[in-house]
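Asker: What follows is a structure written as structure tokens; I'll ask about it next.
Just so you know, all these numbers are worked out from the coordinates, no wet-lab data involved. Worth saying up front: this structure is predicted, and the values here are computed from it rather than measured. When we count neighbours, we look across all protein chains shown, and the Cβ atoms used for this are built from the backbone with ideal geometry, even at glycine.
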Amino acid sequence: MSDRAIEAIKGAILLERRGQAFYRKVAAATDSKAVEEVFATMADEEMRHEEVLEKHYSSLVSQGKLAALKDLGQVEDHSDETLTARVREEIDAASYEAAAISAAMGLEKEAEAFYAKNRDRAESDLERDLYDWLARWEHGHMEMLADMDRALQEEIWFENRFWPEI
């Protein structure tokens, strides 16, 4: 494998570590049980991604190829209207937690783009599959966060009567 593949894996590990650190900090700082649940789960998922990437990095460095991991695991479906409703009930649209959701959307968007770019540059099917798997995870996170963000926006629009009169 090329130096590009090694640099891509190192970049991916860094992305996952940054996400974990941010998500754990938000989970610890919030008073909202729903927000804590969301961010703790996301931190755990990013940790799992990091573990997979570290196995690949170790294999790249020692054997010159990605690890032959049999099962990366299923990409979770994060579309949970009940959780979104709980978040909406527990936090204000202009709160720390809402800002954290918005910031997390940026992290997930950056990660998805990084993985999509590296998927398109992949030198093997295994590398392509790895980045595709990671991009789909990050996309799922992004969609969940975007649903929460939309719900919070609607709440503040309603409270401020931004809806058109009928």
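Asker: Under 20 Å Cα to Cα from LYS25, which lysines show up? Leave out anything in the same chain fewer than 8 places away.
Answerer: Within reach: LYS33, LYS109.
Asker: If you plug each phi of the range 110-115 into the Karplus form 6.51 cos²θ - 1.76 cosθ + 1.60 with θ = phi - 60°, what whole-Hz ³J(HN,Hα) values come out, in order, with x for Gly and Pro?
Answerer: Working through the residues one at a time gives 4, 5, 4, 5, 4, 5 Hz.
Asker: Under 18 Å Cα-Cα from LYS10, which lysines qualify once same-chain neighbours fewer than 8 residues away are excluded?
Answerer: The reachable lysines, counting only those whose Cα sits under 18 Å from LYS10, are LYS55, LYS65, LYS117.
Asker: So, in Å, what gap is there between the alpha-carbon centers of the range 85-144 and the range 33-66?
Answerer: What the calculation gives is 14 Å, centre to centre.
Asker: What's the local net charge at ARG121, with K and R +1, D and E -1, over the other residues with C-beta under 13 Å away?
Answerer: Summing Lys/Arg as +1 and Asp/Glu as -1 gives -2.
Asker: Karplus couplings for the range 24-30 from phi (6.51 cos²θ - 1.76 cosθ + 1.60, θ = phi - 60°), rounded to Hz, Gly and Pro as x?
Answerer: 3J(HN,Hα) across the range 24-30, in whole Hz: 5, 5, 5, 4, 6, 8, 7.
Asker: Could you tally the net charge around GLY11, taking each other residue with its Cβ under 14 Å from the Cβ of GLY11, Lys/Arg +1 and Asp/Glu -1?
Answerer: -2
Asker: Let me ask you something else. What FRET efficiency comes out for the pair GLN63/LEU14, r = Cβ-Cβ distance, R0 = 25 Å, nearest 0.05?
Answerer: Efficiency computed from Cβ-Cβ geometry: 0.65.
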